[in-house]
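The values are calculated or read from the model by the stated rules, or taken from the named source; none is laboratory data. Computed from a prediction, not measured in an experiment: that's the story for all the values here. Positions of Cβ are backbone-derived with ideal geometry, glycine not excepted, and every protein chain shown enters the neighbour counts. Protein only, heavy atoms only, side chains kept; ligands, DNA and RNA dropped before computing areas. Shrake-Rupley method; radii C 1.70, N 1.55, O 1.52, S 1.80 Å.
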Amino acid sequence: MTFVKPLTIKRRIEEALHLGNALGLVWESGPGWAIARGFLLLVQGIFPLLSLYLSKLLLDAVAKGLTTTDKEAAFRQILLLIGLTGILTLTRGVFDSIGEVVTTMQAHAISDHVDDILHSKAIEIDLEYYENSDFYDMLSRARKESSDRCVQILNRLVAIGQSIISLVAMSGLLALFDWRLIALMITSEIPRIFVRLQYTGIIYRWHQRRTSTQRRANYYSNIITSDSHAKEIRLFNLGHLFKSRFFALRRQLRHEQLAINFRQSLISLVTQLISTCVMLASYVFIAYQAIHGRITLGDLVMYNQAFQRGYGALWDFFSGFSGLYEDNLFISHFYEFLNLKAKVVEPSHPLPVPQPMRQGIRFHQVGFQYPDSSRTALHSIDLTIRPGEVVAIVGENGSGKTTLIKLLCRLYDPTVGKITVDGIDLREFAIPDLRRQISVIFQDYMKYHLSARENIWFGNIDCPPDDDKIVNAARHSGADKVIEQLPKGYDSILGKQFEQGEELSIGQWQKVAMARAFLRDSQIIILDEPTSALDPKAEYEVFKQFRELLQGQSAILISHRLSTVRMADRIYVVDKGRIVESGTHEELMQSGETYAHLFEMQAQYYR
């Protein structure tokens with residue numbers, strides 16, 4: 001007795017669950033469409049049998065008419081059968097047309113439903129995943145396979161259902177003639193389906209191994225075709241280089257897939273030859289019975305057609321299951337993505353975020369190391385931000401400034417230590433409630449190719465899209481002067497991806513992004529070098545105006561230009577993940593250490 005390995009059993013159970021979940025998605029996307037598809041399946045499955053039987057009756061009527069003396073009666077019978085055949089054909093055409101509409105609408109419903117699930121999961125998972133290359137392989141496979149595979153699973157199940165109906169009907173006819181034809185038909189198909197299943201697994205494993213290669217090829221394609229890379233590609237003449245790299249990767253993938261398909265085709269050709277010989281032998285047997293008068297001419301055609309259609313239905317049945325196995329393998333990528341677990345976990349009993357803060361924010365001996373990295377990003381950080389205080393964090397690129405902000409926003413949790421608001425650990429607050437109290441504009445802010453009004457409104461979608469606060473926020477950041485010069489003002493589309501879009505300079509985009517931060521009604525405002533594209537004077541004016549606009553809010557300014565942060569109440573100097581100095585601008589200048597040295601070094605360029 002052969003025992004199946006426990007791992008294999010577990011894998012088979014998971015595959016069955018994936019298939020069941022996929023069918024659940026089909027039902028959830030539109031129960032009405034699913035019921036209509038099932039009804040059409042039953043009706044359309046009967047048509048081949050009725051058509052075949054009418055063909056037999058028609059041939060027998062013609063054969064009888066050749067020998068009968070009452071030609072008129074025979075002809076009337078033939079006309080009746082032809083009329084019934086026409087009605088059956090028209091009816092079948094009507095149901096086929098209805099089926100195409102139902103199939104198309106159901107496919108759209110499934111695709112939209114699956115995309116909705118995929119988008120919800122993509123929003124839910126942590127930032128950590130988006131900073132891991134393995135995740136992008138997983139996401140690429142999930143996006144590629146999800147909706148298409150669910151539709152294919154449904155189509156294959158429908159095809160399998162139709163094959164079963166046809167197979168049962170044709171087998172019933174053949175059983176009336178000789179049951180051995182059924183056994184012969186089934187046996188001849190076993191080698192073909194075995195080869196199909198074997199190569200389904202081979203192709204699946206090849207796709208898994210080559211996801212990264214395919215993604216790299218797509219990356220080169222996106223570089224060539226995206227607007228963000230267009231200037232450099234032309235200035236540095238990189239287009240042909242990236243094009244050649246794209247085609248080199250595509251050529252590698254194509255050659256590997258061709259080798260797999262070539263081997264599969266050779267083996268399939270042998271199994272096809274066996275099946276063809278079996279089919280021809282069955283035709284010989286049926287013809288032999290007809291010549292010896294054991295069956296009529298109509299029977300000859302009917303049984304030949306029954307064997308041929310039964311043979312086709314059997315292959316469709318096995319092929320459908322093979323395809324179902326393939327779809328089930330690939331859709332596992334979708335459920336692998338859906339099964340990702342959050343690393344930043346919501347508390348079971350969240351506490352309310354203090355409003356307003358009374359003690360402020362404090363980092364307690366915070367240390368942090370990014371996942372899959374051997375380098376410690378932050379070491380023993382002690383830092384305090386009091387209510388209404390403006391704090392500046394300065395340091396060289398890569399020193400850990402932005403990492404501090406990510407921890408404060410709970411995009412990550414500290415590896416060591418804790419961060420508190422009024423003495424309460426951030427992990428005790430509901431994540432949306434915490435983030436609602438923080439307004440951040442990062443250096444790599446988003447450029448939404450939508451209206452100027454929406455670009456600002458996204459900072460606080462709780463307020464009405466036409467609220468006057470949007471214009472006020474634009475005035476505070478200096479974006480209003482930019483927007484007023486656009487053809488449609490605040491209704492102008494920004495960027496060039498859509499019709500009548502207006503492109504902005506980097507500095508103008510930054511002012512729009514800052515307006516988005518000012519619109520948010522939060523207790524903490526963080527500017528993470530959002531004005532780096534502005535000249536020092538313009539940046540200083542923005543920060544000065546920003547300081548004047550604060551109404552009891554705490555603020556964190558991050559900038560590599562030390563001349564613009566001197567207005568902060570307290571300055572923290574970060575170096576290699578550690579706070580090496582803190583104090584006011586005057587105190588740090590008097591100490592004559594790192595900050596003073598960097599300030600003097602920068603100041604010489606502006607004298």
Taking the criterion of being farther than 19 Å from LEU127 by Cβ, open to solvent by less than 60 Å² (accessible area, probe 1.4 Å) and acidic (Asp, Glu), would at least one residue in the range 477-495 satisfy it? yes
Among (1) touching a residue at least 24 places away in the same chain (Cβ under 8 Å); (2) closer than 29 Å to THR376 by Cβ; (3) part of a helix (DSSP H, G or I) - the single one ALA596 does not satisfy: (1)
Within the set of pairs 6+ apart or on separate chains, which have a first residue in the range 107-126 that is within 20 Å of MET138 (Cα to Cα) and open to solvent by 30 Å² or more (accessible area, probe 1.4 Å), a second that is of a type in the set (Val, Ile, Thr) and in a helix (DSSP H, G or I), and C-beta atoms under 7 Å apart? SER111/VAL151
Can you give me the number of residues within the range 582-607 that are aliphatic (A, V, I, L, M) and surrounded by 14 or more Cβ atoms within 10 Å (Cβ to Cβ)? 4
Would you say GLU232 is more than 37 Å from the chain's Cα centre (by Cα), assigned to a helix (DSSP H, G or I) and at pLDDT below 75? no
Give me the pairs: first residue in the range 439-456 and within 12 Å of LEU504 (Cα to Cα), second residue open to solvent by less than 10 Å² (accessible area, probe 1.4 Å) and among the hydroxyl-bearing types (Ser, Thr, Tyr), beta-carbon distance under 9 Å, and six or more apart or on different chains, which are they? ALA452/SER492
If I filter the range 175-197 for residues that are open to solvent by 60 Å² or more (accessible area, probe 1.4 Å), more than 30 Å from SER275 (Cβ to Cβ), basic (Lys, Arg) and at pLDDT 70 or above, do I get at least one hit? no
From THR415, THR403, grab the single residue that is hydroxyl-bearing (Ser, Thr, Tyr) and touching a Leu at 6+ places or on another chain (Cβ under 7 Å). THR403
How many residues does the range 566-581 hold that are open to solvent by less than 60 Å² (accessible area, probe 1.4 Å) and free of Cβ contacts under 8 Å to residues at least 40 places away in the same chain? 1
Which listed residue is touching a residue at least 60 places away in the same chain (Cβ under 8 Å) and more than 19 Å from ILE558 (Cβ to Cβ), from LEU378, LEU340, LEU404: LEU340
How many residues of the range 19-36 are part of a helix (DSSP H, G or I) and open to solvent by less than 30 Å² (accessible area, probe 1.4 Å)? The answer is 6
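Quick grid of which residues meet (1) open to solvent by 60 Å² or more (accessible area, probe 1.4 Å); (2) under 30 Å from LEU598 (Cβ atoms); (3) without any contact (Cβ under 8 Å) to a residue 24 or more places away in the chain:
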residue: GLY400; (1), (2), (3): no, yes, no
residue: GLY417; (1), (2), (3): no, yes, no
residue: ASP422; (1), (2), (3): no, no, no
residue: LEU426; (1), (2), (3): no, no, yes
Hey, PHE285 open to solvent by 80 Å² or more (accessible area, probe 1.4 Å) and either modelled with pLDDT of 75 or more or of a type outside the set (Val, Ile, Thr) (or both) or not: no
Considering LEU411, LEU450, LEU407, which residue is modelled with pLDDT under 90 and closer than 19 Å to PRO371 by Cβ? LEU411
Identify the single condition in (1) over 27 Å from the mean Cα position of the chain (by Cα); (2) farther than 26 Å from PRO387 by Cβ; (3) crowded, with 18+ Cβ neighbours inside 10 Å that ASN455 does not satisfy, given that it satisfies every other one. (1)
Looking at the range 68-93, which of the residues that are over 18 Å from GLY45 (Cα atoms) and hydroxyl-bearing (Ser, Thr, Tyr) is surrounded by the most Cβ atoms within 10 Å (Cβ to Cβ)? THR68
Would you mind stating whether ASP372 is open to solvent by 70 Å² or more (accessible area, probe 1.4 Å), more than 23 Å from ARG570 (Cβ to Cβ) and under 36 Å from the mean Cα position of the chain (by Cα)? yes
Okay, helices (runs of 4 or more DSSP H) sitting entirely in the range 105-210 with 1 or more residues that are more than 30 Å from GLU346 (Cβ to Cβ) and among the aromatic types (Phe, Trp, Tyr), I get 133-177, 180-209
Step by step: first the residues of the range 482-534, then only those that are hydrophobic (A, V, I, L, M, F, W, C) and touching a Cys at 6+ places or on another chain (Cβ under 9 Å), then the one that is nearest to TYR445 (Cα to Cα). Which residue is that? ILE526
